[in-house]
1. Restricting attention to segment 268-307, which residues are over 22 Å from residue 448 (Cβ atoms), in a helix (DSSP H, G or I) and either under 12 Å from the mean Cα position of the chain (by Cα) or modelled with pLDDT of 90 or more (or both)?
2. Which of the residues belonging to segment 343-373 are surrounded by fewer than 17 Cβ atoms within 10 Å (Cβ to Cβ), under 28 Å from the mean Cα position of the chain (by Cα) and part of a loop (DSSP other than H, G, I, E, B)?
3. With the structure loaded, tell me whether residue 413 is part of a strand (DSSP E or B) and closer than 20 Å to residue 310 by Cβ or whether it fails that test.
4. Output the residue which, of all residues in segment 305-324 that are closer than 25 Å to residue 464 by Cβ and in contact with a helix residue (DSSP H, G or I) (Cβ under 6 Å, 6 or more places away or on another chain), is surrounded by the most Cβ atoms within 10 Å (Cβ to Cβ).
5. Hey, could you check segment 325-340 for residues that are modelled with pLDDT under 90 and assigned to a loop (DSSP other than H, G, I, E, B) and say which is nearest to the chain's Cα centre (by Cα)?
6. Among the residues of segment 183-204, what is the count of those that are in a loop (DSSP other than H, G, I, E, B) and buried (at least 16 other Cβ atoms within 10 Å of the Cβ)?
7. Let me confirm something: among 246, 253, which residue is out of contact with any helix residue (DSSP H, G or I) (no Cβ under 9 Å at 6 or more places or on another chain), surrounded by 15 or more Cβ atoms within 10 Å (Cβ to Cβ), farther than 30 Å from residue 516 by Cα and not assigned by TED's automatic domain parsing to the domain that holds residue 416?
């Protein structure tokens, strides 16, 4: 729905406001249209129920402003939200107003659109997956069913305070449709169920409350119209939640595929600098919610430009180029581009990578790897390369080493790989290029925000530096809260870092990769012993 005849597209007027539905919680339920608009927006105004990981789609430098509302807590006035949108659009900024669920279903998207229209600001409304749709899909409680319900009504328990009286006709709502869905009714659940009974809804009608639909922390309480309020109170359910009344609630036990996933209900913290899409998607697919809390940050080494010319000018003289991380690949090609070069500079150079993810990073730049060992750490890469070379051309006694290798790496990298190659007797030259630096960089406020939703069920580490950075950044009692859950390590050196702090490693990854870390998490919860 567009409130202007202006064309919407890549070349459209930047003074545009997009009211985008973020969906019910699960970040992968954002529409493709919503994601594309997020990636282009100059200003993003987001709500409390918007999943944090959606903000990673925003472009660097975009202004992100939280304007969420939560009952019982201080929140942004609606008039101020209108002002933010109008002022940013008049300044020529593309604005995304990111709203939980769908902007026009029991949200204030209509009010916001009217305010924009009154101010002469062009806008577009991008629909989102609604919470009833999420309850139907993720809790196995369909809104309709051919055998159980052919009608459904949506009603909110929270109406505008400016109304003189409620517009709800409870005598009709109680029995008017086979399925009744009540938004924002948890605090009034006892009186709401009482009204339904008083107006003719049988007390034994199946009913359910679903909290945090579509997320790992989703909870479902089932009962009847007569018992649901007491059961929800006993379970200590909170908001956001949705109440469903009707025979369709009987299907939860049959259709609840999400609750049967192996990591259902688990919140797993990932401390990698970048949350690889494959890792996040796999955790979601297993029923877990990945919580990204980066513990380190990488940046180009201050002296990279001074070292780049000597190394890059003689690239063709190296026999082997070895990458030990996807990060090293990216920094290498960044340095290559800054010197006006591209992948053609590697003509004739053979390439080895520490694992499949690093190999994929190389493929993204058009480079196919010649060697990827099955065991994924630096020492194993060196041993695999030595073994590969020895098998390909058995060494002759007394023959001088003649191979040359280049290892672009972090300034803090462990020297084990270079040591293995130097000690093999095969290499005349092993150059290590300190291309980037890794620093501890923990956003404690963001971490506390994650923990406000509940403790983590697992904490994963992809490097020793991430372990030490997170430990050092966290004061007590936050440190105790964070590190009291099972800890998962990507490999031996990371495990050693965990144990050096007097902590226990629940499981170590096999293979030593982030996929292996996910496997370790899965094995731990399937067989805790």
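The values are calculated or read from the model by the stated rules, or taken from the named source; none is laboratory data. Because the structure is predicted, anything quoted here is derived from the model rather than measured. Don't worry about glycine lacking a Cβ; one is built from the backbone with ideal geometry, like all the others, and counts go over all protein chains shown.
1. The answer is 277, 278, 279, 281, 282, 284, 285.
2. If the condition is that a residue be surrounded by fewer than 17 Cβ atoms within 10 Å (Cβ to Cβ), under 28 Å from the mean Cα position of the chain (by Cα) and part of a loop (DSSP other than H, G, I, E, B), then 365, 366 are the ones that fit.
3. No.
4. Here the residue is 323.
5. The selected residue is 325.
6. 3
7. 246
Residue-by-condition table, conditions (1) in contact (Cβ under 8 Å) with a residue 40 or more places away in the chain; (2) loosely packed, with under 15 Cβ neighbours inside 10 Å; (3) under 17 Å from the mean Cα position of the chain (by Cα); (4) not in a helix (DSSP H, G or I):
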site: 438; (1), (2), (3), (4): yes, no, no, yes
site: 450; (1), (2), (3), (4): yes, no, yes, no
site: 459; (1), (2), (3), (4): yes, no, yes, yes
site: 466; (1), (2), (3), (4): yes, no, no, no
site: 469; (1), (2), (3), (4): yes, no, no, no
site: 488; (1), (2), (3), (4): no, no, no, yes
site: 498; (1), (2), (3), (4): no, no, no, no
site: 505; (1), (2), (3), (4): no, no, no, yes
site: 515; (1), (2), (3), (4): yes, no, yes, no
